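The block underneath contains the structure these notes are about, expressed in structure tokens.
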Amino acid sequence: MGFCESAGGWRWQGSAGALRAVVAVLLLRLSLAQSVPPQTVCPAAASPQSLTETQYQHTAEEDASVGFMEALVQSFLHTVQPNPFPRDLILKIVQDLNVQLNQEILKEALVYEVGFLVCAAIGVLYIVLMPIVGLFLACCRCCGNCGGKMYQKQTSSVHCRRRTLYWTAFVTTVILLAGNVCMFKSNEAIKVSVDQSQVELSKTIGNIQSFLTAVPQQVDHVVNESYRTVHEVTRNLDAIGPQLGREIQERFRGTVDPALHSVRLLERETVNISLQMNRLNSSLAQLQSSMDRLHANLTAVKNQINNTLSNPNCNGCNNLQPELQKRTLDTSITIPSLNQFQSAVDEINKTDLRSKIKEAEDYFDSIPQRVTNDTKDVVQSSKQQLGKIKTQISQVTNEIPLSALTNVSETLNQLQRDIDRVTPEFKRVEHIRWAVCVALCSVVLLVVVCNFLGLVLGPLGLTPNASPTERSCAADCGGTFFMMGAGFSFLFSWLFMIAVLLLFLLGGNVYTLLCRPWTDGQLLKLIDTPGLIPGLDIGQTLGLKTNISFSNIYRDCEEDQPLWTTLHLYELINLEDLLNVTKYTEEIRQRFEDTNITLSPIALLSPEVKNQLRRFSNKASNIDSTVVMQQMNNISSINLNTTADRLDKLAAIQINNDARVELQNEARNLRQIQTDIETIIIPQLNNLNSTIKSLESTAKKINGTVEEVLSNVGAAQDFLNTNTRQIVKTESRMFLDCQLGYFIKYADWANVTITQQVGRCGPVARAVDSVEIILCSYIVESLNAFWFSLGWCMIVFIPSIIFSIKLAKYYRRMKYSDVYNELNMSRIPRAQMKFS
């Protein structure tokens with residue numbers, strides 16, 4: 001960009017131009033006092049791109065429909081196992097596992113499991129006694145004992161007993177139905193949990209895989225951003241000529257532009273003056289030609305008049321001779337100052353100010369190319385240093401232990417493949433489990449249905465006054481259904497209790513030893529125990545000075561902390577050293593300091609040209625148009641018409657016809673010459689006068705313009721001679737600081753990104769929470785709800801059997817009647833025998 005293309009400027013006129021010139025000189029001198037120009041702001045480089053946010057699938061959340069019995073079951077298990085998590089006991093068992101469990105550890109384990117052992121003992125007692133009691137009851141009834149005899153003694157309280165047993169059996173059956181409904185619902189919850197668990201487990205593994213894949217990508221992104229910075233700086237170094245040269249030009253522009261602008265104005269005014277001088281010379285030549293022609297005509301007419309007046313035949317002509325001699329015409333038009341001014345203008349034109357301007361513009365336009373040529377070697381060496389910087393920063397990828405993430409990713413891939421392989425078989429097993437549990441629920445429902453049929457058919461078929469031997473078929477069926485319900489209960493309850501006992505021991509201990517300590521953090525503390533799980537010392541695996549506990553990792557991941565702080569990578573990696581490129585940038589800086597960008601001095605205007613301008617200014621102020629005005633007045637005062645009038649009068653008194661005609665012709669010729677003076681000479685004189693005045697007006701401004709030029713050029717020349725080297729050094733240093741500042745900006749961004757953003761492990765904590773929800777909130781809670789509901793029904797079977805058998809005799813048809821009681825009963829008022 002040239003320094004002569006400024007759109008601003010001043011056009012100074014008259015005395016105001018001189019004042020502006022003085023102000024400009026003061027401002028330029030003030031700028032010379034500033035040894036270092038004000039610094040410019042570095043151009044903004046492309047900001048590093050933020051890390052791309054990894055998209056994760058929505059993982060499992062607790063489902064209220066699955067854990068509908070959670071509070072009840074957990075309350076029961078807390079009652080069975082109120083002891084805290086046996087961390088020390090588990091550590092002892094693990095330590096002695098490879099040797100032999102001693103009696104103290106076994107005793108301590110049994111004491112801890114005493115609640116489960118008591119419940120298990122009750123379950124075993126139930127399993128043993130229930131079939132035995134059922135067998136003895138069946139044998140006893142077959143022998144006609146234990147209510148087996150089809151005889152019912154009639155007393156006055158028989159109806160009260162029947163009602164009491166009826167409502168007791170009804171309540172028991174309702175409780176049994178509630179347990180059976182919970183069995184069906186929990187069985188379905190297990191199915192839903194298993195189906196959801198497969199999907200949620202795949203989502204969880206997928207999220208961990210996404211996390212493990214994203215971490216290396218984020219590290220690569222940070223490194224790649226350094227390549228962008230290196231590329232940006234390399235591109236700026238390749239364009240050092242235009243960029244640094246433009247800044248140097250900008251430093252010169254404020255001083256040089258006004259100087260060149262004033263020279264350009266002077267050149268335009270000089271051209272304008274040359275044009276005006278040409279017009280003036282043309283006007284003078286045209287006027288001189290007209291004046292010469294007019295003078296020749298006037299001389300010829302005067303000669304003719306003199307000849308006529310000298311003729312003896314002309315009467316009274318001698319009196320006109322003196323007046324005719326006065327009629328003269330001065331045809332010489334001379335302006336002495338114009339000749340000197342013309343020589344000054346010619347001298348300035350020979351100087352060719354436009355070429356001087358072009359020379360200065362070319363000099364400043366060549367600055368970018370000069371900078372390019374002088375910095376070729378330092379740019380090449382700087383590029384080599386940039387390559388070393390790129391190599392050093394790329395070591396971040398090698399320093400961060402990403403191979404461990406790759407191993408975990410491969411393990412998860414294998415796990416996912418195993419899950420996909422066993423999923424069909426697992427679904428088949430789950431379908432069988434669901435069918436078996438439905439069968440269990442259906443058997444319990446069969447007992448409930450038998451009881452409800454007995455409760456409905458018994459009262460509907462019972463007639464209050466009917467003899468026990470004459471009871472209706474409906475009532476007898478009701479009693480039979482009661483007996484069927486009791487028989488099914490004896491037949492299946494002990495088998496079902498085996499399932500309850502096994503599921504109770506499994507689900508209860510999983511909850512108390514896994515789920516509950518997982519929720520309150522005791523399990524993570526156990527895993528944190530050194531040496532508990534061989535090969536899981538994370539600190540030792542990563543080569544850290546301190547050990548890292550799983551609790552700390554989980555807590556940091558819950559807060560979505562980056563891997564830098566979670567895994568204490570600052571103990572393993574000296575990030576400040578990897579991102580410290582000072583040794584390379586200092587070498588680049590030193591090379592730039594040693595580079596000499598040479599700008600040869602330039603003389604905007606030579607001393608000879610300045611002297612010519614001063615002479616031109618002095619001669620321009622000496623132009624005087626008064627001579628032309630005097631000549632115009634002289635010519636304007638000529639009046640040939642008066643002489644012509646006198647010739648006409650003289651012709652009128654002539655006797656000689658020839659003399660009269662000659663005088664008349666001569667008078668007409670004088671009038672024609674007067675007309676030519678008025679129509680040709682006077683306008684040309686006016687035009688000449690106007691041209692001279694315009695030239696005079698223009699010439700008067702030359703003094704201020706030349707003063708402005710000399711002042712501005714002098715100030716600019718002093719500025720260039722004084723500050724050129726300092727400006728080049730300052731701008732070179734600023735350019736280099738800008739380029740190196742990009743690396744400082746990148747290093748700060750990379751430091752913050754790696755230490756605060758790379759590998760935010762929130763997905764890991766959410767994955768652990770998802771596994772806990774899948775295992776405990778879904779599967780274990782549903783399993784515990786099922787065995788709790790089944791055990792509930794098995795316990796309620798005992799009163800159900802008792803009440804059903806006792807109530808059945810009140811509805812079944814008896815074989816023997818109580819005659820005595822019937823007679824006695826006949827005496828009782830009918831109101832007392834009425835069956836309610």
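Of the conditions (1) among the small types (Gly, Ala, Ser); (2) at pLDDT below 75; (3) open to solvent by less than 60 Å² (accessible area, probe 1.4 Å), residue 366 clears all except one; give me its number.
Looking at each condition in turn, residue 366 falls short on (2).
In the stretch 357-380, how many residues are assigned to a helix (DSSP H, G or I) and either under 30 Å from residue 754 (Cβ atoms) or small (Gly, Ala, Ser) (or both)?
Restricting attention to the stretch 357-380, the residues satisfying the condition of being assigned to a helix (DSSP H, G or I) are 357-365, 367-374, 376-380.
Applying the additional criterion that residues be either under 30 Å from residue 754 (Cβ atoms) or small (Gly, Ala, Ser) (or both) yields 360.
Looking only at that region, the number is 1.
From 693, 701, 649, grab the single residue that is open to solvent by 80 Å² or more (accessible area, probe 1.4 Å), of a type outside the set (Val, Ile, Thr) and either in a loop (DSSP other than H, G, I, E, B) or touching a residue at least 12 places away in the same chain (Cβ under 8 Å) (or both). Even if it seems obvious, please write down each step before you answer.
Details: 701 fails: open to solvent by 80 Å² or more (accessible area, probe 1.4 Å); 649 fails: either in a loop (DSSP other than H, G, I, E, B) or touching a residue at least 12 places away in the same chain (Cβ under 8 Å) (or both).
Selected residue: 693, the only one of 693, 701, 649 that is open to solvent by 80 Å² or more (accessible area, probe 1.4 Å), of a type outside the set (Val, Ile, Thr) and either in a loop (DSSP other than H, G, I, E, B) or touching a residue at least 12 places away in the same chain (Cβ under 8 Å) (or both).
Which condition does residue 549 not pass, out of (1) open to solvent by 20 Å² or more (accessible area, probe 1.4 Å); (2) at pLDDT 90 or above, if it passes all the others?
Of (1) open to solvent by 20 Å² or more (accessible area, probe 1.4 Å); (2) at pLDDT 90 or above, only one is false for residue 549: (2).
Please identify the pairs in which a residue from the stretch 659-683 that is free of Cβ contacts under 8 Å to residues at least 60 places away in the same chain and of a type in the set (S, T, N, Q) has its Cβ atom under 9 Å from the Cβ atom of a residue that is surrounded by 16 or more Cβ atoms within 10 Å (Cβ to Cβ) and outside any helix (DSSP H, G or I), counting only partners at least 6 apart or on another chain.
Between residues of the stretch 659-683 that are free of Cβ contacts under 8 Å to residues at least 60 places away in the same chain and of a type in the set (S, T, N, Q) and residues that are surrounded by 16 or more Cβ atoms within 10 Å (Cβ to Cβ) and outside any helix (DSSP H, G or I), the close pairs are 674/638.
How many residues are out of contact with any Ser or Thr (no Cβ under 7 Å at 6 or more places or on another chain), over 16 Å from residue 200 (Cβ atoms) and of a type outside the set (S, T, N, Q) when one looks only at the stretch 765-795? Please lay out each step first, then the result.
We begin by selecting, within the stretch 765-795, every residue out of contact with any Ser or Thr (no Cβ under 7 Å at 6 or more places or on another chain); these are 765, 768-769, 772-773, 775-777, 780-781, 783-784, 787-788, 790-793, 795.
Filter again for over 16 Å from residue 200 (Cβ atoms), leaving 783-784, 787-788, 790-793, 795.
Narrowing further to those that are of a type outside the set (S, T, N, Q): 783, 787-788, 790-793, 795.
Result for the stretch 765-795: 8.
For residues that are within 24 Å of residue 170 (Cα to Cα) and of a type in the set (Ser, Thr, Tyr), scanning just the stretch 767-805, find the one that is nearest to the chain's Cα centre (by Cα).
789
Can we say residue 718 is at pLDDT 80 or above, surrounded by fewer than 20 Cβ atoms within 10 Å (Cβ to Cβ) and under 21 Å from residue 259 (Cα atoms)? Spell out the reasoning first.
On the way: at pLDDT 80 or above: yes; surrounded by fewer than 20 Cβ atoms within 10 Å (Cβ to Cβ): yes; under 21 Å from residue 259 (Cα atoms): yes.
Criteria met by residue 718.
So which residues in the stretch 90-119 are at pLDDT 85 or above and assigned to a helix (DSSP H, G or I)?
Result: 107, 108, 109, 110, 111, 112, 114, 115, 116, 117, 118, 119.
So which of 790, 783 ends up being at pLDDT 90 or above, under 30 Å from residue 190 (Cα atoms) and open to solvent by less than 20 Å² (accessible area, probe 1.4 Å)?
790
Please verify whether the stretch 57-64 includes one or more residues that are modelled with pLDDT of 75 or more and surrounded by 11 or more Cβ atoms within 10 Å (Cβ to Cβ). Break it down into steps so the answer makes sense when it comes.
Going residue by residue through the stretch 57-64, those that are modelled with pLDDT of 75 or more are 57-58.
Keeping just the survivors that are surrounded by 11 or more Cβ atoms within 10 Å (Cβ to Cβ) gives 57.
Yes, because at least one residue in the stretch 57-64 is modelled with pLDDT of 75 or more and surrounded by 11 or more Cβ atoms within 10 Å (Cβ to Cβ).
Kindly provide the set of residues from the stretch 427-466 that are small (Gly, Ala, Ser) and at pLDDT 90 or above, ordered by number.
Filtering the stretch 427-466 down to residues small (Gly, Ala, Ser) leaves 435, 439, 442, 454, 458, 461, 466.
Hits for the stretch 427-466 are 435, 439, 442.
Looking at 383, 390 in this structure, which one is touching a residue at least 12 places away in the same chain (Cβ under 8 Å), in contact with a Leu (Cβ under 9 Å, 6 or more places away or on another chain), part of a helix (DSSP H, G or I) and open to solvent by 60 Å² or more (accessible area, probe 1.4 Å)? Spell out the reasoning first.
Working: 390 fails: in contact with a Leu (Cβ under 9 Å, 6 or more places away or on another chain).
Result: 383 is the single residue among 383, 390 that is touching a residue at least 12 places away in the same chain (Cβ under 8 Å), in contact with a Leu (Cβ under 9 Å, 6 or more places away or on another chain), part of a helix (DSSP H, G or I) and open to solvent by 60 Å² or more (accessible area, probe 1.4 Å).
Quick check on residue 253: is it part of a helix (DSSP H, G or I), open to solvent by 30 Å² or more (accessible area, probe 1.4 Å), without any contact (Cβ under 8 Å) to a residue 40 or more places away in the chain and over 30 Å from residue 341 (Cβ atoms)?
Values: part of a helix (DSSP H, G or I): yes; open to solvent by 30 Å² or more (accessible area, probe 1.4 Å): yes; without any contact (Cβ under 8 Å) to a residue 40 or more places away in the chain: no; over 30 Å from residue 341 (Cβ atoms): yes.
In short, no.
Considering only the stretch 755-768, I want to know if a residue exists there that is open to solvent by 10 Å² or more (accessible area, probe 1.4 Å) and without any contact (Cβ under 8 Å) to a residue 40 or more places away in the chain.
There is no residue in the stretch 755-768 that is open to solvent by 10 Å² or more (accessible area, probe 1.4 Å) and without any contact (Cβ under 8 Å) to a residue 40 or more places away in the chain.
Among the numbered criteria (1) open to solvent by less than 40 Å² (accessible area, probe 1.4 Å); (2) in a helix (DSSP H, G or I), which one does residue 686 miss?
Answer for residue 686: the failing condition is (1).
Somewhere in the stretch 742-751, is a residue surrounded by fewer than 20 Cβ atoms within 10 Å (Cβ to Cβ) and of a type in the set (A, V, I, L, M)?
Yes, there is a match, as at least one residue in the stretch 742-751 is surrounded by fewer than 20 Cβ atoms within 10 Å (Cβ to Cβ) and of a type in the set (A, V, I, L, M).
Would you please name the residue that is most open to solvent (accessible area, probe 1.4 Å), looking only at residues in the stretch 211-249 that are under 30 Å from residue 599 (Cβ atoms) and among the acidic types (Asp, Glu)?
Looking at the filtered set, the residue picked out is 238.
The values are calculated or read from the model by the stated rules, or taken from the named source; none is laboratory data. Please read these numbers as outputs of a predicted model, since none were measured by experiment. Note that we place each Cβ from the backbone using ideal geometry, even for glycine, and neighbour counts take in every protein chain shown. Side chains are part of the model used for accessible areas, which takes the heavy atoms of the whole protein and leaves out ligands, DNA and RNA. Shrake-Rupley method; radii C 1.70, N 1.55, O 1.52, S 1.80 Å.
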